Structure formats: structure tokens, C-alpha cells
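Undergrad: Structure incoming, see below.
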Amino acid sequence: MQLDREKSYLKREIKFFKKHPELLDKYAVVLKKLENDPFEPSLKLHKLQGNLEKFHAVRLTYEYRIILILMIINERIVLVDIGSHDDVY
């Protein structure tokens, strides 16, 4: 799978890791797992509902999530948002 980041995601990513630099290593692992197999159980990939129904989410930590668009046909994953559970939902 190919990982793409929206421009708005890049800004949020920079801001997020200024506050949470301790999560950079974990983030790298999560991104690698997404590229290799987005359905790997440890990612806890799940489809969202309501206003976010076209998106999926994976777990960075218990508190923090990454919101994404999963496009299996084109072998692409578009990263949309990163932040705490309450911030991204």
C-alpha cells in the first residue's frame, strides 16, 4: 500500500509531534504496518460512522488515533488527521 498525506495532515502531524515527540518511534511502526498490511490486528483498524463514515481510524496509542481513507482498489491509504480520540472524532 502507498501512504499519502493530505496537506492539512502534514500541518497537524508537525504540530502533534512537537507536543508528543515521544511517540515518533511508535508512529513509524504504525505507518510501516499500514503499508504492509492495514488489517493487522494490532492497528485496530475500524470504519467510522456518522459524519466520518467515509473514513477509517487506526490506533497510535490508547489515547491517540490516525484518521485515514483506505482505498484498496488503488492500493492507497490517505492520512487525514492525527490527534487524541476527542480531537479527531
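Undergrad: State the number of residues belonging to the stretch 60-84 that are crowded, with 17+ Cβ neighbours inside 10 Å and either under 8 Å from the mean Cα position of the chain (by Cα) or under 18 Å from MET1 (Cβ atoms) (or both).
TA: Of the residues in the stretch 60-84, 12 are crowded, with 17+ Cβ neighbours inside 10 Å and either under 8 Å from the mean Cα position of the chain (by Cα) or under 18 Å from MET1 (Cβ atoms) (or both).
Undergrad: To continue, here is another question. Which of the residues belonging to the stretch 42-58 are touching a strand residue (DSSP E or B) at 6+ places or on another chain (Cβ under 6 Å) and closer than 15 Å to LEU31 by Cα?
TA: LEU43, LYS44, LEU45, HIS56, ALA57, VAL58
Undergrad: Of the residues that sit in the stretch 40-59 and are in contact with a helix residue (DSSP H, G or I) (Cβ under 7 Å, 6 or more places away or on another chain) and of a type in the set (D, E, K, R), which one is surrounded by the most Cβ atoms within 10 Å (Cβ to Cβ)?
TA: ARG59
Undergrad: Looking only at the stretch 41-58, filter to residues that are outside any loop (DSSP other than H, G, I, E, B) and in contact (Cβ under 8 Å) with a residue 24 or more places away in the chain; which one of those is nearest to LEU23 (Cα to Cα)?
TA: VAL58
Undergrad: Sticking with this structure for a sec: So if I check each of LYS15, LYS44, LYS11, LYS26, which one is modelled with pLDDT of 90 or more and on the phi > 0 side of the Ramachandran plot?
TA: LYS44
Undergrad: If a residue has to be touching a residue at least 60 places away in the same chain (Cβ under 8 Å) and in contact with a helix residue (DSSP H, G or I) (Cβ under 7 Å, 6 or more places away or on another chain) to count, how many in the stretch 7-24 make the cut?
TA: 0
Undergrad: Further, regarding this structure: Give just the number: which of (1) under 12 Å from the mean Cα position of the chain (by Cα); (2) surrounded by fewer than 15 Cβ atoms within 10 Å (Cβ to Cβ); (3) assigned to a helix (DSSP H, G or I); (4) not hydroxyl-bearing (Ser, Thr, Tyr) does GLU22 not satisfy?
TA: Of the numbered conditions (1) under 12 Å from the mean Cα position of the chain (by Cα); (2) surrounded by fewer than 15 Cβ atoms within 10 Å (Cβ to Cβ); (3) assigned to a helix (DSSP H, G or I); (4) not hydroxyl-bearing (Ser, Thr, Tyr), the odd one out for GLU22 is (1).
Undergrad: Look through the stretch 67-76, keep the residues that are in contact (Cβ under 8 Å) with a residue 24 or more places away in the chain and touching a His at 6+ places or on another chain (Cβ under 9 Å), and return whichever of them is nearest to TYR9 (Cα to Cα).
TA: The extreme case among them is LEU68.
Undergrad: Let me ask something else about it. Within the stretch 25-39, how many residues are in contact with a helix residue (DSSP H, G or I) (Cβ under 6 Å, 6 or more places away or on another chain) and loosely packed, with under 14 Cβ neighbours inside 10 Å? Don't jump to the end; show me each part of the working.
TA: First, the residues of the stretch 25-39 that are in contact with a helix residue (DSSP H, G or I) (Cβ under 6 Å, 6 or more places away or on another chain): 33.
After this cut, where a residue has to be loosely packed, with under 14 Cβ neighbours inside 10 Å as well, the list is none.
Of the residues in that region, 0 qualify.
Undergrad: A follow-up question, please. Does the stretch 60-89 hold any residues that are modelled with pLDDT of 90 or more and either touching a Ser or Thr at 6+ places or on another chain (Cβ under 8 Å) or hydroxyl-bearing (Ser, Thr, Tyr) (or both), and which are they?
TA: The answer is THR61, GLU63, TYR64, ARG65.
The values are calculated or read from the model by the stated rules, or taken from the named source; none is laboratory data. The structure presented is a predicted model; accordingly, all values stated were derived computationally and were not measured. So basically every Cβ, Gly included, is an ideal-geometry build from the backbone, and we count neighbours across all protein chains shown.
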